[in-house]
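A short worksheet on the structure shown next.
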Amino acid sequence: MCGIIGYTGHRQALDIVIGGLRRLDYRGYDSAGIALHGEGGLLVSKAPGSVSGLRRQLNGQPTLGLCAIGHTRWATHGAPNEANAHPHLSCSGDIALVHNGVIENAEDLRTLLKRRGHHFRSETDTEVLAHLLEDAEGSTLEDRVFEALEVVEGTYGMAAVWTAEPEKIVLARNGSPLLVGIGEGEFFLASDAAAVLEHTRSIVHLEDGDVSVLTPDGYRIVDRSWQTQNRAVDRIQWSLSDVELNGFDSFMHKEIHEQPESTRRAISGRLQPDAGLVRLGGLGLGVEEIRNIDRILILGCGTSWHAGLIARQAIQELSGIPVSVEYASEFQYASGLDLGRTISIAVSQSGETADTLGAVRTARAAGSYVLGVVNVVGSTLARESDSGVYLRAGPEIGVASTKAFTSQVITLLMLALRFGWARGLPGPEGSRLARELDEIPELIHRALRLEPEMEVLAKELYEARSFLYLGRGASFPVALEGALKLKEISYIHAEGYPAAEMKHGPIALVDEEMPVVCVAPSDPLLPKMVANIQEVRARGGQVLAVGSEGDDILDAVADRVIRVPATSKLFSPLVTVIPLQLLAYHIARLRGCNVDRPRNLAKSVTVE
């Protein structure tokens, strides 16, 4: 969840590392720090708060140096203060280290190290790594890293520097992402490609168990047996402008408006509307293999889980394959499973979500084939899946996912069409659905024109203390996603529920002060949804309905109707979610919230 950046080469390192930390702002953090090899030795500066505050703190200090590591921290062990901020130092101050992940045996190691005379300055688990490196006997930094990691249990993406080797950075990965950026006579390290995009597009993703040594002369990667590993060099396809605001006031706002293009990229070259065909190059499953599937298991967390719920209905309806959708965070602990002839579809924006990766490993151990649906090329999920499909959403900087959600949904819907075609979906029906799916980017573009209306509505509702979101069928996951967006960026309590379940408890909450958002597009369940709306109205609830253009049935029962372009019931979530994203965004802005960096949240959740 934290951010790591480092540099060694021929340029001054400070501004490169500070700039990289700023690029990682979106990951969420509460403190920042840097360790720089300078003329006077190892300069370490860290502070709670922003990267800008860290830079101001460095003003007036001697900051010339060609090698540095930096970190933004989201607190897991200890309060967000200077002592707990990274980098952490050895007792002598000769070794500095930054780390993402959790050291599970940190307390045992701390006790051992204290007995050996080490003094600790922080409450963090990370600090034990710095002292382990100091305690080791190796003559090089990489020797010490190998020796230290022999006693470490847990997850880590770590980078260390040592005054005895002032041009060298050593990294190690186990369960927390790290990459090496390749330049001309200079090398970078980062937890996220966005941090190095300004300087290089050539990157190498480390794999679990890798240790990498960087100097201005080159880099090498070895495994735990000291065997050299030749990892593939990936090329970042997106540009620097993709991670800049380009006139928008926030990344979330920008990414909401990028959805027509991101969904268009997702289907480009894959969807053949007239033939009713879907061609997914990375799918890795032929017609006979799809016909032999007994069951599909979809794994995800948060927004990705919501996308899986939408996919479940489409896959079952179009292919007849039974589908279950599981929280990855819970499924990873399942035991006694036999998942032969089961396809597990793991959904993740980052491809580094620890819970999802754990669930993938559980599924594979039970005999399942794993298909990854992921946005980040070269991510752990992309590498660990048997096959996969990329979202093509481009970098998503805002913590609250918007364009990644719609890209996940449209990609999963293409999978549903592909499975349906392989299992006997009638050709005319497949062609009709493919043509409608091809129109979705334009329908999203039209739905975005509702923004002025949603901004006015936000001014009426932003002081509410609680919201209820209701939906049926494919609209129920949209209700969940709308409620999640509101709660995570505005901090207003919100719940999403199946509309029919409302009377089994949540209806007790409804009164004249509670806004109730009803996702009610034109589909066969609309009459039942209208009955649910009438139940809310009978209890005095304020009803905001999201309906379809050309349908006036909601006018008689809702206080306000927001109309989106009509489409098939299976595809309607792609347009009904748009006004809910806009509503959450404008409510949060009116409440003075930082929509890109909601409190307590991070973009890539790499701890369980």
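For the range 281-305, the tally of residues that are more than 14 Å from Asp386 (Cα to Cα), in a loop (DSSP other than H, G, I, E, B) and not acidic (Asp, Glu) stands at 4.
Yes/no per residue for (1) closer than 30 Å to Ala531 by Cβ; (2) at pLDDT below 95; (3) in contact with a Pro (Cβ under 8 Å, 6 or more places away or on another chain):
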{"position": "Glu429", "(1), (2), (3)": "yes, yes, no"}
{"position": "Leu470", "(1), (2), (3)": "yes, no, yes"}
{"position": "Val478", "(1), (2), (3)": "yes, no, yes"}
{"position": "Ala483", "(1), (2), (3)": "yes, no, no"}
{"position": "Leu486", "(1), (2), (3)": "yes, no, no"}
{"position": "Ala494", "(1), (2), (3)": "yes, no, no"}
{"position": "His504", "(1), (2), (3)": "yes, yes, no"}
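Count of the range 163-185 residues, restricted to those that are outside any strand (DSSP E or B) and either without any contact (Cβ under 8 Å) to a residue 60 or more places away in the chain or on the phi < 0 side of the Ramachandran plot (or both), is 7. Applying the condition of being at pLDDT below 95 and open to solvent by less than 10 Å² (accessible area, probe 1.4 Å) to the range 15-26 and asking which residue is farthest from Ala160 (Cα to Cα) yields Leu24.
Counting only residues that are part of a helix (DSSP H, G or I), under 13 Å from Arg446 (Cα atoms) and open to solvent by 30 Å² or more (accessible area, probe 1.4 Å), the range 256-276 holds 2 of them. So which residues in the range 64-97 are assigned to a loop (DSSP other than H, G, I, E, B) and either closer than 23 Å to Asp15 by Cβ or among the β-branched types (Val, Ile, Thr) (or both)? Selection gives Leu64, Gly65, Leu66, Thr76, Glu82, Ala85, His86, Pro87. Of the residues in the range 355-371, at least one is touching a residue at least 12 places away in the same chain (Cβ under 8 Å) and under 30 Å from Glu439 (Cβ atoms).
Within the option set Leu468, Leu486, being under 19 Å from Gln581 (Cα atoms), among the aliphatic types (A, V, I, L, M), touching a residue at least 12 places away in the same chain (Cβ under 8 Å) and not in a helix (DSSP H, G or I) holds for one residue only, Leu468. Return the residues of the range 238-267 that are touching a residue at least 60 places away in the same chain (Cβ under 8 Å) and of a type in the set (Ser, Thr, Tyr); say none if nothing qualifies. Within the range 238-267, Ser250, Ser262, Thr263 meet the criteria.
When residues in the range 194-207 are screened for being touching a residue at least 60 places away in the same chain (Cβ under 8 Å) and either within 24 Å of Gly65 (Cβ to Cβ) or out of contact with any Asp or Glu (no Cβ under 7 Å at 6 or more places or on another chain) (or both), 8 of them pass.
Within the range 466-505, which residues are among the aromatic types (Phe, Trp, Tyr), under 27 Å from Ile410 (Cα atoms) and open to solvent by 40 Å² or more (accessible area, probe 1.4 Å)? Full working, then the answer.
Let us first name the residues in the range 466-505 that are among the aromatic types (Phe, Trp, Tyr), namely 467, 469, 476, 491, 497.
Add one more test, that the residue is under 27 Å from Ile410 (Cα atoms), and what stays is 469, 476, 497.
Across the range 466-505, the qualifying residues are Phe476, Tyr497.
The set of residues in the range 359-395 that are of a type in the set (Phe, Trp, Tyr) and under 24 Å from Glu261 (Cβ atoms) contains only Tyr390. For the range 186-209, filtered to residues that are in a loop (DSSP other than H, G, I, E, B) and within 17 Å of the chain's Cα centre (by Cα), the residue that is modelled with the highest pLDDT is Ser191. Quick check: anything in the range 538-552 assigned to a helix (DSSP H, G or I), in contact with a Leu (Cβ under 9 Å, 6 or more places away or on another chain), open to solvent by less than 30 Å² (accessible area, probe 1.4 Å) and touching a residue at least 12 places away in the same chain (Cβ under 8 Å)? Looking through the range 538-552, none of the residues is assigned to a helix (DSSP H, G or I), in contact with a Leu (Cβ under 9 Å, 6 or more places away or on another chain), open to solvent by less than 30 Å² (accessible area, probe 1.4 Å) and touching a residue at least 12 places away in the same chain (Cβ under 8 Å). Residue count for the range 1-40, restricted to those that are part of a strand (DSSP E or B) and either touching a Pro at 6+ places or on another chain (Cβ under 9 Å) or within 23 Å of Thr155 (Cβ to Cβ) (or both): 12. Checked against (1) closer than 20 Å to Ser379 by Cβ; (2) open to solvent by 10 Å² or more (accessible area, probe 1.4 Å), Lys168 passes all but a single condition, namely (1).
Within the range 244-253, restricting attention to residues that are in a helix (DSSP H, G or I) and open to solvent by 10 Å² or more (accessible area, probe 1.4 Å), the residue that is modelled with the highest pLDDT is His253.
The listed residues are Leu66, Leu43, and the only one of them that is over 26 Å from the mean Cα position of the chain (by Cα) and without any contact (Cβ under 8 Å) to a residue 24 or more places away in the chain turns out to be Leu43. Within the range 506-521, residues that are touching a residue at least 60 places away in the same chain (Cβ under 8 Å) and surrounded by 18 or more Cβ atoms within 10 Å (Cβ to Cβ) reach partners that are small (Gly, Ala, Ser) and not in a strand (DSSP E or B) with beta carbons closer than 7 Å, at six or more positions or on different chains, in the pairs Val517/Gly482; Val519/Ser475; Val519/Ala479. Scanning the range 43-86 for residues that are more than 14 Å from Ile18 (Cα to Cα), hydrophobic (A, V, I, L, M, F, W, C) and either touching a helix residue (DSSP H, G or I) at 6+ places or on another chain (Cβ under 7 Å) or crowded, with 22+ Cβ neighbours inside 10 Å (or both) yields a single hit, Ala85. Only one of the listed residues (Ala328, Ala366) is farther than 20 Å from Met414 by Cβ, more than 21 Å from the chain's Cα centre (by Cα) and not basic (Lys, Arg). That residue is Ala366.
Within the range 98-137, the only residue that satisfies the criterion of being more than 16 Å from Asn84 (Cβ to Cβ), in contact (Cβ under 8 Å) with a residue 24 or more places away in the chain, buried (at least 16 other Cβ atoms within 10 Å of the Cβ) and of a type in the set (Asp, Glu) is Glu134.
When only residues in the range 324-339 that are part of a strand (DSSP E or B), touching a strand residue (DSSP E or B) at 6+ places or on another chain (Cβ under 6 Å) and not polar (S, T, N, Q) count, which is surrounded by the most Cβ atoms within 10 Å (Cβ to Cβ)?
In the first step, residues of the range 324-339 are kept if they are part of a strand (DSSP E or B); the result is 324-327.
From what is left, the residues that are touching a strand residue (DSSP E or B) at 6+ places or on another chain (Cβ under 6 Å) are 324-326.
Okay, now just the ones that are also not polar (S, T, N, Q), so 325-326.
Details: Val325: 21, Glu326: 19.
Going through the qualifying residues, I end up with Val325.
Checked against (1) open to solvent by 20 Å² or more (accessible area, probe 1.4 Å); (2) touching a Pro at 6+ places or on another chain (Cβ under 8 Å); (3) in contact (Cβ under 8 Å) with a residue 40 or more places away in the chain, Ile310 meets all criteria but (1).
The values are calculated or read from the model by the stated rules, or taken from the named source; none is laboratory data. In this text the structure is predicted, and so the values were computed from the model without any measurement. For neighbour counting, all protein chains shown are included, and Cβ atoms are generated from backbone atoms with ideal geometry for every residue, glycine included. All accessible areas refer to the heavy atoms of the entire protein, side chains included, with ligands and DNA or RNA removed. Shrake-Rupley method; radii C 1.70, N 1.55, O 1.52, S 1.80 Å.
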